[in-house]
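Throughout, read-outs are computed from the coordinates displayed, never taken from laboratory work. Here the structure is a predicted model, which is why all the values come from computation and not from measurement. Cβ coordinates were reconstructed from backbone atoms using ideal geometry, including for glycine residues, and neighbour counts include every protein chain displayed.
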């Protein structure tokens, strides 16, 4: 089955004038229907490619004006792409501009009918779900009062309730999870999780990275209309926060050139490496029990990961993190240590840190070692290498398991 | 987007949008529905005073004659005026994912058609008071409604997207409609136009329409079928072009609003 949302080479160009001033026939006639359009264009989105697999929750992050909402609208079928195409399959429910389309002078009841139908339901389907919509929004007492008499929270609740009760197969959410009180927010989250379980594909736009990290399976970071990063949520979020941090520190990370490492892998900024580079990871060694570099190990063997780092200037209490993950991104093992754990406060110059696993009972397969050095509060990365270093576990069982600990079957049979 | 032109769905959507327009019109006014009748009635009063007393036109059953013209013209005029707002005033609907913008012109014409229908009993009362018998020719009225609906709608499909681009369309439209009012036989008879100008005069489809209504209502005869069928064909052609333009402009609506 193909993905419910496929975005291919999408670009969107906007006329700058449309936001400034409306054109009039008078002006058009006076200027002879010519209009200087030379500088009136800008690209809101450029060459965006991604796919959202069925049943996944996908986060779109980026700063204001990065094109997130434009992208979400285009996916919702509002406006047309300048280049490229968007393929969607399934009924789309949109939590965008909540409350738009709700008329202040009409009652809650009338608004439910109108918006239910606008959202794609038949009138009798709305009728059937009416009670559910009202009770979810907790507005039983006020349903026949005009919409304008509702508090903002009540209005949002009603709008949210209508959309979630239309059984969307694709749900587009734009920064609206902060609806109503905490209790209602929890209800919204529960409902979103329920949608996820039912196989609904969800696209969430936000600049709250915590939300994305907690909810989404995959994420995409849009920067000035282009895809800056796309992939597993953790990586994209970390990359985004790091970049935001780097920017505030006015450090240019782009100047780092790509670096080829021993096994032929290329280390490239913003691809598999990112950070503010206040500290750098110079080299990473994966060592076997004989302290020799190894790419193939046996299950249960000892493994040491060694990091060589350098800090051109003083860095306070950095944290080192090492993650071993399988090829599909499942984290098998995660460890971190702060310099403070070793009784030191700052690092300056170069050094070495190593982590020894006295035994690693992983099942057969390929594993990645992701290494990073982080700011002392984990707010961003100084340097992070993602899916650069790897090793293979050669021997042992290969079921669908991750672990292959020492094991022994015992069998006894009793006969009467 | 996927099922927007599905018949049952379109019917429901139309119904909700028309009901919304009508409810909104009357929600906060004490006089309610009377408002939509007041305008043609006031016009009737003024024009009737002028052309019966100040400049007598000598048309039999002038009040009924005039009111027929006024109601038909009012439906046409208010629809076209509303057309300028069909897209612009529904910004939030246009920006709803999957909303079929093409339905809005239909809503505009239909809403005003309902106001027209609400005023129709008054017109029938005029007929009865004037002693004009209600004949079986009245059965032709629905056909006239359809023709006028199609013709008006075809123009709305032109006007709505133009107003999105040029926001002074409504002023220009105001002038054109004022001109149209005098160039249509609303308060005078089409036969008052000198014969050598008749050919040009009858290019205005409203001449055919208003005369057909009068034939049915006041003379109890069937209207001339050929000119009406021609009007249907013209309306269809306009509609095809207008809808084409509308569809091409539609992708920009969201940005230009």
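Sorted ascending by nearby beta carbons within 10 Å, beginning with the fewest, A:273, B:248 become B:248, A:273. Each eigenvalue of the Cα gyration tensor of region B:64-119, multiplied by 5 and square-rooted, gives one semi-axis; in descending order these are 28, 10, 7 Å.
Binning all Cα-Cα separations of region A:53-187 at 10 Å, short to long from zero, yields these whole-percent fractions: 11, 40, 34, 13, 1. Bridge orientation summary for the protein assembly as shown: considering DSSP beta bridges with both residues in this region, about 75 percent are antiparallel.
Note on A:115-124: average number of Cβ atoms from other chains within 10 Å of each residue's Cβ is 6. Using the Cα gyration tensor of region A:274-393, with a ≥ b ≥ c the square roots of its eigenvalues, what is the shape: rounded (a/c below 1.5), prolate (a/b larger than b/c) or oblate (neither)? Since a/c reaches 1.5 and a/b is larger than b/c, the shape of region A:274-393 is classed as prolate.
I need the semi-axes of the equivalent ellipsoid of region B:134-257: take the C-alpha gyration tensor, multiply each eigenvalue by 5, square-root it, list largest first in whole angstrom.
On the way: eigenvalues 192, 65, 30 Å².
Each semi-axis is √(5λ); the values are 31, 18, 12 Å.
The listed peptides B:110-123, B:216-229, ordered by packing as a protection proxy, come out as B:110-123, B:216-229 (highest mean of other Cβ atoms within 10 Å first). In terms of the mean number of neighbouring beta-carbon atoms within 10 Å, the peptides A:204-212, B:14-22, B:74-82 order highest first as B:74-82, A:204-212, B:14-22. Taking other C-beta atoms within 10 angstrom as a stand-in for reagent exposure, A:27, A:412, A:334, B:255 fall in the order A:412, A:334, A:27, B:255, fewest first. If you bin the C-alpha pair distances of the protein assembly as shown every 20 Å from 0, what whole percents do you get? It works out to 15, 35, 27, 14, 8, 2, 0, in whole percents. With the biggest extent put first, the Cα atoms of chain B measure 57, 46, 36 Å across the principal axes.
With everything on Cα atoms, drop me the angle between helix B:7-27 and the longest principal axis of chain B, reported from 0 to 90° to the nearest 10. Helix B:7-27 sits roughly 70 degrees off the main axis of chain B. I'd like the orientation of helix A:152-164 relative to chain A: the angle between its Cα long axis and the longest Cα principal axis, in ° from 0 to 90, rounded to 10. The angle comes out at about 80 degrees.
A straight chain from residue B:225 to residue B:145 at 0.36 nm per residue would run longer than the Cα-Cα distance by 27.4 nm.
So if R0 is 51 Å, what FRET efficiency would residue A:268 and residue A:415 give, r being the distance between their Cβ atoms, rounded to the nearest 0.05?
0.15
If I take R0 = 22 Å and measure r between the Cβ atoms of residue B:11 and residue B:120 in this structure, what FRET efficiency does the formula 1/(1 + (r/R0)^6) give, to the nearest 0.05? Approximately 0.45, to the nearest 0.05. Annotation: peptides B:178-186, A:378-386, ranked by per-residue average of other Cβ atoms within 10 Å with the highest first, follow the order A:378-386, B:178-186. Helix A:123-137 and the long axis of chain A differ in direction by around 60°, with both axes built from C-alpha atoms. Taken over the alpha carbons of region B:27-150 as equal point scatterers, the Debye sum produces base-10 log I(q)/I(0) values at 0.10, 0.17, 0.22 Å⁻¹ of -0.42, -0.99, -1.33.
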